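Undergrad: Just dropping this structure here.
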Amino acid sequence: MSDVAARVKKMVVEHLDVEESKVTENAHFIDDLGADSLDTVEIIMAFEEEFDIEIKEDESENIQTVGDAVKFISAKV
Amino acid sequence: MFDLTGKRALVTGATGGLGGAIARQLHAAGAHVALSGTRAEKLEGLAEELGKGAFVTPCDLSDGDAVDNLAAQASEAMGGHVDIFVSNAGLTRDGLLMRMKQEDWDLVQKVNLEAYFRLTKACLRPMMKARWGRIIGITSVVGVTGNPGQANYAASKAGMIGFTKSIAQEVASRNITANCIAPGFIGSPMTDVLTDAQKDAILVKIPAGALGTSDDIAAAALYLSSTEAGYVTGQTLHVNGGMAMI
């Protein structure tokens, strides 16, 4: 697992208070991990801080799963 | 009754009568307060009066960049993020609409409404992380009833109410409440100079038979800041002696 993936996974576990085993690449933030719309906004903001990147509104709409986040962040950092 | 020990509050317009009274009551309940306003000297005087736990963070709310820095400035001064944000600053540029200048409209919206938007946005993020927060907008009875000669002011105050109701719904699940307080006629240096006839004309419309005081408003702010008021959100608390029951 890449460094980004490990960090993303750790953040998702902390922010959404879910078991690590559930945070798979295909796990959907809302459908699988129980996030609400505000959780997704919060976690996107947390990614921005952690990786020092900017995630625009239309870009964040495409980040639906853990894998989406890892892919997007890896391309930016 | 209400204990705000360990909470940090930002109060804008703290040089005015209302803002000063709000800051005093929150501070007396144990909160640290960041006092904001344009007149630094007056803020220093209030901070000195309050003593420990009072900090001065001057800001011109018509300056967007300065507004964006205020929340961070206040957090730094108080040694932690803002838990309670009281948007009290406001100004008037009265005149009948037919004579109202564009700049009178723009300035009132900028200071009364836009600064409320900018500051709330900046304050919300750490509140969401902390899962606790209080947003309080000081609006006005005229934001609900309207008032001839105050189209710009009434629009800004009505805007604050709609804004507050929206964010109340957005962040309720995070234990953050957002409410407005709508003062009616409050005694101030401005009303002190009215003639008896003018005062009588106002009082006849107020069932309580008296003007309100700054402390009446501050008490409402203290309540809405409290943990006890955690189930109250999206509301406008009218404090007006029964002048308008809405």
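The values are calculated or read from the model by the stated rules, or taken from the named source; none is laboratory data. These numbers were taken from a predicted model, which means no experiment stands behind them. Every residue, glycine as well, gets a Cβ built from its backbone with ideal geometry; the counts of neighbours run over all protein chains shown. Surface accessibility is based on the protein's heavy atoms, side chains included, excluding ligands, DNA and RNA. Shrake-Rupley method; radii C 1.70, N 1.55, O 1.52, S 1.80 Å.
Undergrad: Say the dipole of the stretch B:150-202 comes from +1 at the beta carbon of Lys and Arg and -1 at that of Asp and Glu; which of B:Ala197, B:Ala172, B:Phe185 then lies farthest toward its positive end?
TA: B:Ala172
Undergrad: If you don't mind, there's one more thing I want to ask. Between A:Asp58, A:Asp39, A:Asp17, find the one with the highest GNM mean-square fluctuation for chain A; connect C-alpha pairs within less than 10 Å.
TA: For chain A, modelled as a Gaussian network with Cα springs under 10 Å, the answer is A:Asp58.
Undergrad: Could you report the protein assembly as shown's accessible area per residue, 1.4 Å probe, as an integer in Å²?
TA: Roughly 50 Å² per residue, with all protein chains present.
Undergrad: Can you give me the three principal axis dimensions of chain A from its C-alpha atoms, in Å, biggest first?
TA: 27, 27, 18
Undergrad: So what is the calculated 222 nm ellipticity per residue for chain B, using -39500 (n - 2.57) for each DSSP H run with n of 4 or more, over all residues, to the nearest 500 deg cm²/dmol?
TA: -13500 deg cm²/dmol
Undergrad: Once amide H atoms are built 1.01 Å from N in the peptide plane, which residues 5 or more positions from B:Ala178, or in another chain, come under 5 Å H to H?
TA: Those lying under 5 Å, H to H, from B:Ala178 are B:Ile135, B:Gly234.
Undergrad: List the relative contact order of the stretch B:75-200 as a percent without decimals, with contacts defined as Cα pairs under 8 Å and 6+ residues apart.
TA: In percent, rounded to a whole number, it is 29.
Undergrad: Moving on. Which length gain, in nm to one decimal place, applies between A:Val13 and A:Asp32 when the Cα-Cα distance is subtracted from 0.36 nm times their residue separation?
TA: 5.6 nm
Undergrad: Let me ask something additional. Which whole-Hz couplings ³J(HN,Hα) result when phi for each residue of the stretch A:47-61 is put into the Karplus expression 6.51 cos²θ - 1.76 cosθ + 1.60, θ = phi - 60°, listed in order with x for Gly and Pro?
TA: Karplus-based 3J(HN,Hα) across the stretch A:47-61 equals 4, 4, 5, 4, 9, 6, 10, 10, 10, 6, 3, 5, 6, 5, 5 Hz.
Undergrad: Still on this model: Classify chain B as rounded, prolate or oblate, taking a ≥ b ≥ c as the square roots of the eigenvalues of its Cα gyration tensor: rounded when a/c is under 1.5, otherwise prolate if a/b is larger than b/c and oblate if not.
TA: rounded
Undergrad: How much length is gained if the chain between B:Ser62 and B:Glu41 is pulled fully straight, taking 0.36 nm per residue apart and subtracting their Cα-Cα distance, in nm to one decimal?
TA: 5.7 nm
Undergrad: Could I ask something else about it? P(r) for the stretch B:192-246, please, calculated from all Cα pair distances in 5 Å bins and given in %.
TA: Per 5 Å bin, starting at zero, the Cα-Cα P(r) for the stretch B:192-246 comes out as 4, 17, 20, 20, 16, 11, 7, 5, 1 percent.
Undergrad: Please build a GNM for chain A, connecting alpha carbons under 10 Å apart, and tell me which residue among A:Thr40, A:Thr24, A:Thr65 fluctuates the most.
TA: Its mean-square fluctuation being the largest, the pick is A:Thr24.
Undergrad: Right, next: Determine, from the Cβ-Cβ distance of B:Met98 and A:Ala75 and an R0 of 51 Å, the FRET efficiency 1/(1 + (r/R0)^6), rounded to the nearest 0.05.
TA: 0.35
Undergrad: Still on this structure: Tell me, how many Å apart are the Cα centres for the stretch B:46-96 and for the stretch A:1-46?
TA: 36 Å
Undergrad: Something else: Enumerate the calculated ³J(HN,Hα) couplings along the stretch B:139-147 in order (Karplus 6.51 cos²θ - 1.76 cosθ + 1.60, θ = phi - 60°), each rounded to whole Hz, writing x wherever the residue is Gly or Pro.
TA: 9, 7, 4, 6, x, 9, 8, x, 7
Undergrad: So, one more: Can you pull the percent of Cα pairs in the protein assembly as shown with separation above 32 Å?
TA: 37 percent
Undergrad: List the relative contact order of chain B as a percent without decimals, with contacts defined as Cα pairs under 8 Å and 6+ residues apart.
TA: The value is 19 percent.
Undergrad: Excluding the sites themselves, what is the longest stretch of chain B that contains no trypsin sites (Lys or Arg not before Pro) in a DSSP loop with at most 14 other C-beta atoms within 10 Å?
TA: B:132-204
Undergrad: Given a Förster distance of 30 angstrom, what is the FRET efficiency for B:Glu48 paired with B:Ser173, based on the Cβ-Cβ distance and rounded to 0.05?
TA: Step by step, r from the Cβ atoms, then E = 0.15.
Undergrad: I'd like the projected area of the stretch B:33-116, averaged over all directions, using the convex hull of its alpha carbons. Report it in nm² with one decimal.
TA: Mean projected area of the Cα convex hull: 6.1 nm².
Undergrad: Could you list which residues have their amide H under 5 Å from that of B:Val56, counting only those 5 or more apart in sequence or on another chain, with H placed in the peptide plane?
TA: Amide H neighbours of B:Val56, under 5 Å, 5+ apart: B:Leu35.
Undergrad: Going by a ≥ b ≥ c, the root eigenvalues of the Cα gyration tensor, does the stretch B:57-179 fall in the rounded group (a/c under 1.5), the prolate group (a/b larger than b/c) or the oblate group?
TA: Oblate, because a/c is 1.5 or more while a/b does not exceed b/c.
Undergrad: While we're on this one: Using a 1.4 angstrom probe on the protein heavy atoms only, line up B:Thr233, B:Thr164 by accessible area, largest first.
TA: Order by accessible area, largest first: B:Thr233, B:Thr164.
Undergrad: Oh, and also: Please state the shape class of the stretch B:15-76: rounded when a/c is under 1.5, otherwise prolate if a/b exceeds b/c and oblate if not, all from the C-alpha gyration tensor.
TA: Prolate, because a/c is 1.5 or more and a/b exceeds b/c.
Undergrad: Normalised by the number of residues in the stretch B:188-246, what is the relative contact order in percent for Cα pairs under 8 Å and 6+ residues apart?
TA: 41 percent
Undergrad: Roughly how many whole Å is it from the C-alpha centroid of the stretch B:198-246 to that of the stretch B:141-189?
TA: 13 Å
Undergrad: If the only charges are +1 at each Lys and Arg Cβ and -1 at each Asp and Glu Cβ, what is the size of the charge dipole of chain A around the Cα centre, to the nearest 20 debye?
TA: 360 debye
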